[in-house]
Amino acid sequence: MELIATAALQPGMEVAEDAVDYKGNLLVKKGTTLDKLTIQKLLISPIKCIQIKEAEDYVPTYFEKIKVSKTFQQFESVYHANFTAYKVALDSFILKKVPPNNNDLLQIVENIFTPFERSRITILDMLAVLKITDSDLLYAHGLNVALICKYTGKWFSLDDEELKTLILCGFYYDIGKHKLPREIIFKPGKLTSEELALMRTHPVHSYNLIQNLSIDINIKLAALMHHERCDGNGYPQKLSADRINRFAKIISIIDAYEAMTSYRAYRDPLCPFKVIEIFEKDGLERYDVAYYLTFLERMVEEYIGKEVMLNDGTECSIVLINKQDLSRPMVRAGNDYIDLSREKNRYIEKLI
Ligand SMILES: [Fe+2]
């Protein structure tokens, strides 16, 4: 909804909240569609503005509301304006070996991030509904991860220089995928063992592409090690936890998050609580425990106060995190509090 001056009201607008005067007298009820007479009445009343419904108030789900919001439309335009410069820099590097200017890459992130840093809709949620054409998906992947690094980097207590390093890790870590056939990278079904073996070469391709650039060594190691896992079952070297670079450990978590939440033409964005549930299922051994728990806890905190629908249709709001069961917070439906960690047959189906 949007606060509109009574002088700017137009017939056909719908009132989003009861409009009352200073004594509490109801002037126009929520849900009223304004006509000329009602507008005249409001113009001579003591109130100067009222809440009017916007396009986003007419659509049913959280992500659909984001798609039609003015904030997202502005974000989309800023993103695409900067995407072209980023794509040109990446193509020049991959095809002509022209080293990217890291300050330019960081500036692209700033250009997209800064205008929306304090917006009501987070960049994480806007990236989840941002439509990318198939031909740009691989390029967008690096930019989007760099943006997620910028947003979440502060959660890991990184200083300013380390945060810049993490953002650059986002740009470079998967760059080796550009060396592989697109049919394999975007194959919708299961990969054959030969295809999987080829796919698993991409961290080495990434490392080889960037090894001679004058960039922080952590960026190179994050590219090489981002598919290593703390349980020793990663690739390409099956490194144990103590040998995996710390930036690679953070990037591996953000990479998995981006894969689950990025835009897909064939499905709606996954509910963030479903994403957290998937992480919780088998993440504890695979990822660095401290980074992993920090990431999930902070991710859940992003949604405190949000309205959700449970699988039985109950509409409620999230009030409290359960640290032992992060995908199952405490929710409130009217005057009832529901602890989802104790009611295992109920779960959050979607944000509304
Ligand atoms: Fe990768």
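Coordinate-derived values only; no laboratory data. From a predicted model like this one, the values you see are computed outputs, not experimental measurements. Glycine also receives a Cβ, built like all others from the backbone with ideal geometry; neighbour counts cover every protein chain displayed.
Just a few scattered comments:
- Least to most buried among 244, 47, 321, 217 (fewest other Cβ within 10 Å first): 217, 47, 321, 244
- Rounded, prolate or oblate (a/c below 1.5 giving rounded, otherwise prolate when a/b exceeds b/c) for region 2-53 by Cα gyration tensor: rounded
- Assigned charges on the beta-carbon of Lys, Arg, Asp, Glu; the chain dipole about Cα centre (debye): 380 debye
- Per-peptide average of other Cβ atoms within 10 Å, ordering 201-209, 77-85 highest first: 201-209, 77-85
- Close amide-amide hydrogen proximity is noted between residue 349 and 309, 310, 311, each under 5 Å apart and 5 or more residues distant or on a separate chain (H modeled in the peptide plane; Pro and chain starts excluded).
- All-pairs alpha carbon distance profile, region 62-269, 10 Å steps from 0, percent: 8, 35, 38, 18, 2
- Within the chain, the ratio Rg/Rh, alpha carbon atoms throughout and Rh by Kirkwood, equals 1.04.
- Annotation for residue 122 and residue 211: the two label points, set 7 Å from Cα along the Cα-Cβ direction, are 3.8 nm apart.
- 0 to 90° range, to nearest 10: angle between helix 160-172 axis and the chain longest Cα axis: 70 degrees
- Where a label projected 7 Å from the Cα of residue 157 along Cα→Cβ would reach, residues of region 272-308 with amide N under 18 Å: 288-299
- Projecting the Cα atoms of 40, 123, 143 onto the charge dipole of region 30-154, computed from C-beta unit charges around the Cα centre, puts 40 farthest toward the positive end.
- Full extension of the chain between residue 41 and residue 20 gives 6.3 nm of extra length, using 0.36 nm per residue less the Cα-Cα distance.
- Dipole size of region 44-120 about its Cα centre, with +1 on Lys/Arg Cβ and -1 on Asp/Glu Cβ: approximately 40 debye, rounded to the nearest 20.
- Report note on the peptides 179-187, 272-280: ranked by the mean count of other C-beta atoms within 10 Å, highest first, their order is 272-280, 179-187.
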